[in-house]
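The values are calculated or read from the model by the stated rules, or taken from the named source; none is laboratory data. Since the model is a prediction, treat every value here as computed from it, not as a measurement. As a convention, Cβ positions derive from the backbone with ideal geometry for all residues, glycine included, and neighbour counts pool all protein chains shown. Protein only, heavy atoms only, side chains kept; ligands, DNA and RNA dropped before computing areas. Shrake-Rupley method; radii C 1.70, N 1.55, O 1.52, S 1.80 Å.
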Amino acid sequence: MRVAVVDVGSNTVRLLVGERDGAGIRRVDEERVRVALGADVERTGGISGKRLARTTDAVASEIAKARKLGASEITVLLTSPGRQARNGAELRNAIAARTGADVRLLSAAEEGRLGYGGAVAAAGVPGGSLAVCDAGGGSTQLAVGTGRIPSWVRSVDIGSLRLTRRLLTGDPPPQAELFAAREEVRQSFQELVPPLPRRALATGGTARALGRIVGKRLDAETLAVALSIVSCSPAKRVASRYEIPQWRATVLPAGALILSRVQLLLNVPLTVARGGLREGAALELLERVELAEALPA
């Protein structure tokens with residue numbers, strides 16, 4: 001049985017087609033299309049008609065691919081753009097009308113819970129407490145737990161794309177901009193007091209890209225090195241050297257600042273995770289279908 005998840009985030013529309021693999025998910029296919037909804041949200045508070053139409057087209061295209069690959073169940077997740085944009089409901093309705101798909105506007109808590117579940121499924125249930133951080137383009141989710149379901153979930157309305165658009169306009173950003181952005185991150189997280197975990201995972205595109213640059217262990221030292229690398233050269237050069245998209249390289253200074261603050265709060269190194277939101281949602285979808293099939297007719 002194959003299922004598909006289409007994740008509509010601040011930076012990209014992403015598709016995951018997967019099937020059951022023990023307690024986890026085997027990836028059949030993954031796709032992504034950049035839509036940069038967070039740029040509109042940060043600039044105007046809403047999503048422009050042009051970008052709304054482009055996003056709807058992208059979701060419809062990804063759903064068509066999923067169906068060709070044999071996905072029997074498909075769900076669409078609308079994350080921070082749906083919560084933050086004044087016309088987030090319009091985007092949700094447009095996607096549903098165009099595709100006929102189930103469109104879930106995730107709360108921050110749901111997004112954190114699913115990201116935690118996907119990361120845990122890929123890494124294995126922790127012995128002791130585990131934190132999972134998903135630093136996205138529009139918001140950052142942090143969840144802590146000791147099993148498959150987190151007991152503590154919080155969200156902060158700051159992400160790599162929004163912070164870049166707000167304060168990091170240079171390429172590369174000058175020290176004055178980096179200082180202002182670091183202070184913005186500090187203030188955004190100043191009321192967050194998470195339980196201190198034994199281990200911590202970082203999921204999402206920012207973490208994966210930084211992992212390509214400095215390795216999968218993101219501690220205070222390696223994150224400082226990463227920030228130095230991505231903020232001292234133009235994004236085009238960083239993208240070429242580390243084989244990452246240029247748009248991703250543009251938001252990495254902001255992402256490194258956010259993950260550095262999270263790592264400081266948790267007081268343990270972050271390890272780049274192999275699973276996250278889409279894997280968590282795919283597992284939940286599979287479990288729902290399997291339960292329905294197991295019930296007597």
Tell me which residues, restricted to segment 59-84, are open to solvent by 10 Å² or more (accessible area, probe 1.4 Å) and of a type in the set (A, V, I, L, M).
Ala60, Ala64, Leu69, Ala71, Ile74
Of all residues in segment 240-262, count the ones that are in a helix (DSSP H, G or I) and either at pLDDT below 95 or open to solvent by 10 Å² or more (accessible area, probe 1.4 Å) (or both).
9
Scanning segment 75-107 for residues that are part of a helix (DSSP H, G or I) and of a type in the set (D, E, K, R), which turns out nearest to Gln141 (Cα to Cα)?
Arg83
Condition (residue is open to solvent by less than 20 Å² (accessible area, probe 1.4 Å) and of a type in the set (D, E, K, R)) applied to segment 86-107: is it met by at least one residue?
no
Counting only residues in segment 45-74 that are hydroxyl-bearing (Ser, Thr, Tyr) and at pLDDT 95 or above, the one farthest from Val17 (Cα to Cα) is identified as Ser48
Can you work out which of the residues in segment 266-275 that are open to solvent by 40 Å² or more (accessible area, probe 1.4 Å) and more than 11 Å from Ala220 (Cα to Cα) is modelled with the highest pLDDT?
Thr271
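Here is a yes/no grid of residues against (1) of a type outside the set (Lys, Arg); (2) in a strand (DSSP E or B):
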{"residue": "Leu16", "(1), (2)": "yes, yes"}
{"residue": "Arg26", "(1), (2)": "no, yes"}
{"residue": "Gly38", "(1), (2)": "yes, no"}
{"residue": "Arg43", "(1), (2)": "no, no"}
{"residue": "Gly46", "(1), (2)": "yes, no"}
{"residue": "Arg54", "(1), (2)": "no, no"}
{"residue": "Glu73", "(1), (2)": "yes, yes"}
Give the residue that is nearest to Ala209 (Cα to Cα), with candidates limited to residues of segment 132-155 that are at pLDDT 95 or above and among the charged types (D, E, K, R).
Asp134
Within segment 42-64, is even one residue of a type in the set (Lys, Arg) and in contact with a strand residue (DSSP E or B) (Cβ under 6 Å, 6 or more places away or on another chain)?
no
Sort through Leu77, Leu114 and tell me the only one that's within 14 Å of Ser10 (Cα to Cα), under 15 Å from the mean Cα position of the chain (by Cα) and modelled with pLDDT of 95 or more.
Leu77
Counting only residues that are open to solvent by less than 20 Å² (accessible area, probe 1.4 Å), hydrophobic (A, V, I, L, M, F, W, C), closer than 21 Å to Leu265 by Cα and outside any helix (DSSP H, G or I), how many does segment 157-205 have?
4
Tell me whether segment 87-98 contains one or more residues that are free of Cβ contacts under 8 Å to residues at least 24 places away in the same chain and touching a helix residue (DSSP H, G or I) at 6+ places or on another chain (Cβ under 8 Å).
yes
So which pairs qualify, if the first residue must be in segment 236-252 and within 15 Å of Leu210 (Cβ to Cβ) and of a type outside the set (D, E, K, R), the second must be open to solvent by 20 Å² or more (accessible area, probe 1.4 Å) and in a helix (DSSP H, G or I), the Cβ gap must be under 6 Å, and the two must be at least 6 apart or on different chains?
Ala239/Gln246; Tyr242/Arg212; Tyr242/Ile213
Identify, from the list Gly145, Gly124, the residue that is small (Gly, Ala, Ser), farther than 29 Å from Asp40 by Cα and in contact with a Phe, Trp or Tyr (Cβ under 7 Å, 6 or more places away or on another chain).
Gly145
